[in-house]
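Below: one structure, written as structure tokens.
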Amino acid sequence: MSILFFGKKTKNESDKILSIYLRVTINGERFEVSSQRYVETSKWSASAGKVKGSSEDARSINQYLDSLKQKVYAYQKNIALEGKDFTKEMLRLKWFGIEQRIHTLVEVFRQHNEQLKSLIGKDNSKATYTKYRTTLDHIISFLQWKFKRSDIEIAAINYSFITDFEFWLKSVQNCNHNTTIKYISNLRKIINLCLKNGWLIKDPFVGFKMTKKEVVREILTEEELQTLISKDIQNIRIRQVRDIFIFSCFTGLAYIDAKRLKRSEIVIGMDGERWIYTRRKKTDSPTRIPLLPVVQDIMEVYNDHPQCINEDCLLPIPSNAKLNAYLKEVADICGINKHLTFHIARHTFATTVTLNNGVPIESVSKMLGHKSIKITQIYAKILDKKVSEDMGILRKKFKNNNIQNSLKTAN
């Protein structure tokens, strides 16, 4: 910090009078304010920053300027004692007696969530709002556990707060690593909001790693998928759920996108074949999917279904909870020893149906409606069968080339 006084000409430049200003420079930022004192140009010393001479008037002005200087140092000390950084903005608030509003984490988080709630169906989904609301509930519980209080000042949040919250989620709440990172990621959005508004000076997330652990995603093999398709299921309700699941296995549509799919979104593509032209609910990104024969067969089965006709939907899809509950029965009937959920169909499309049959990952990414191939790579796990086939080709190549023959000769 540096402090100096300088003279500034008055509006009427014909007057030989200077207005004396105080300038405080803090980390390169200047705070300037009028001292409300004036001096003749000839009596001002720019180098010394004070009035020349020892007259009563000169001594009076110089003493007053010294008091302003001491006032700055006093504010610097007080701000430091409050545990805050001494900045241009903090000095300005102190100088003019402006009461600084104290922002708290729960207050800011609640305001953010209210905005999310009002934008449901416009910029975000109800599921997104629910995730942030749950994160806030965890924050409130953590504050009671750690500090025995219901809120905390934004300025008090530091690296230790983040790591303690992580520990609490994993130990007390028994959250797994990836779920913990999701909650902390939601908190980070709020912290970034505070940083941008200047309510927090230092980012508490600096040095904190937020890497998720790789999850082995369940999928159906070709054999299991074939069993599912060929199984004769007498129960109409179970058979309908099986058909909807298979539909997603061969289109890659997530539950909400399959649920919202309308007949009008089945169009004739540039190749003369039928395609799905829709947009993903989650990302609002376009999705273009050519219809395979098994998909078209399922569509024909439900073409005259009352629900499809009345609601202009492609398939009579029940709620996600009911669908997943019925899928357990489907797995039992088909002898599939896996915990079937509707999202497994999307994984199966990405791996068993497309990638393992030679469809390039760029095309799979586009059909899944991903904005980045990196996201597709999470879904796209290559099965052992594909690895075996690829290595079989390489095995034949080495078997017929000179490398193996040379090795046999050498031995």
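Side notes on the structure shown:
- Pair list, Cβ under 9 Å, 6 or more apart: region 280-308 residue over 16 Å from Phe349 (Cα atoms) and without any contact (Cβ under 8 Å) to a residue 24 or more places away in the chain, other residue in a helix (DSSP H, G or I) and among the hydrophobic types (A, V, I, L, M, F, W, C): Asn303/Ile309
- Exactly one residue among Asp232, Asp243, Asp271 is in contact (Cβ under 8 Å) with a residue 40 or more places away in the chain, of a type in the set (Asp, Glu) and open to solvent by 10 Å² or more (accessible area, probe 1.4 Å), and that residue is Asp243.
- Of all residue pairs spaced 6 or more apart or on separate chains, those with beta-carbon atoms under 8 Å, a first member in region 106-120 that is touching a residue at least 40 places away in the same chain (Cβ under 8 Å) and a second member that is of a type outside the set (A, V, I, L, M) and part of a loop (DSSP other than H, G, I, E, B) are Val106/Ser150; Val106/Asp151; Glu107/Asp151; Val108/Trp199.
- Of residues in region 318-330 being of a type in the set (D, E, K, R) and surrounded by fewer than 16 Cβ atoms within 10 Å (Cβ to Cβ), the one farthest from Gly369 (Cα to Cα): Lys328
Matching residues to (1) of a type in the set (S, T, N, Q); (2) more than 15 Å from Leu220 (Cβ to Cβ):
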| site | (1), (2) |
| --- | --- |
| Glu300 | no, yes |
| Leu327 | no, no |
| Val330 | no, no |
| Cys334 | no, no |
| Ala350 | no, no |
| Gly358 | no, yes |
| Met367 | no, yes |
| Gln377 | yes, yes |
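- A count restricted to region 92-123 and to residues that are among the aromatic types (Phe, Trp, Tyr) and surrounded by 15 or more Cβ atoms within 10 Å (Cβ to Cβ) stands at 2.
- When Ile361, Ile344, Ile336, Ile266 are checked against the criterion of being among the β-branched types (Val, Ile, Thr) and over 30 Å from Ser388 (Cβ atoms), a single residue qualifies: Ile266.
- The set of residues from region 291-314 being under 22 Å from His343 (Cβ atoms) and either open to solvent by 40 Å² or more (accessible area, probe 1.4 Å) or not in a helix (DSSP H, G or I) (or both) comprises Leu291, Leu292, Tyr302, Cys313, Leu314.
- Counted residues, region 57-91 - those being under 39 Å from the mean Cα position of the chain (by Cα), open to solvent by 80 Å² or more (accessible area, probe 1.4 Å) and either modelled with pLDDT of 95 or more or among the charged types (D, E, K, R) (or both): 3
- All positions within region 255-268 that are open to solvent by 10 Å² or more (accessible area, probe 1.4 Å) and not charged (D, E, K, R): Tyr255, Ile256, Ser264, Ile266, Val267, Ile268
- For region 352-369, residues that are over 17 Å from Leu228 (Cα atoms), assigned to a helix (DSSP H, G or I) and either free of Cβ contacts under 8 Å to residues at least 12 places away in the same chain or touching a helix residue (DSSP H, G or I) at 6+ places or on another chain (Cβ under 7 Å) (or both) total 10.
Condition check ((1) small (Gly, Ala, Ser); (2) assigned to a helix (DSSP H, G or I); (3) at pLDDT 90 or above; (4) surrounded by fewer than 20 Cβ atoms within 10 Å (Cβ to Cβ)) across all residues:
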| site | (1), (2), (3), (4) |
| --- | --- |
| Pro316 | no, no, yes, yes |
| Asp332 | no, yes, yes, yes |
| Asn337 | no, no, yes, yes |
| Leu340 | no, no, yes, no |
| Thr348 | no, yes, yes, no |
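- Members of region 342-368 found to be over 26 Å from Ser319 (Cβ atoms) and among the aliphatic types (A, V, I, L, M), listed by number: Leu355, Val359, Ile361, Val364
- You will find that of Leu225, Leu169, the residue that is closer than 30 Å to Asp332 by Cβ, open to solvent by less than 30 Å² (accessible area, probe 1.4 Å) and hydrophobic (A, V, I, L, M, F, W, C) is Leu225 and no other.
- Hey, Lys281 under 16 Å from Cys308 (Cβ atoms), within 27 Å of the chain's Cα centre (by Cα) and open to solvent by 40 Å² or more (accessible area, probe 1.4 Å) or not: no
- Residue selected from region 1-33 under the condition without any contact (Cβ under 8 Å) to a residue 24 or more places away in the chain and of a type in the set (S, T, N, Q), by the criterion farthest from Gln70 (Cα to Cα): Ser14
The values are calculated or read from the model by the stated rules, or taken from the named source; none is laboratory data. Just so it is clear, the model here is predicted, and its values are computed rather than measured. Note: ideal-geometry Cβ built from the backbone for every residue, glycine included; neighbour counts use all protein chains shown. Heads up: the accessible areas ignore ligands, DNA and RNA and are worked out on the full protein's heavy atoms, side chains in. Shrake-Rupley method; radii C 1.70, N 1.55, O 1.52, S 1.80 Å.
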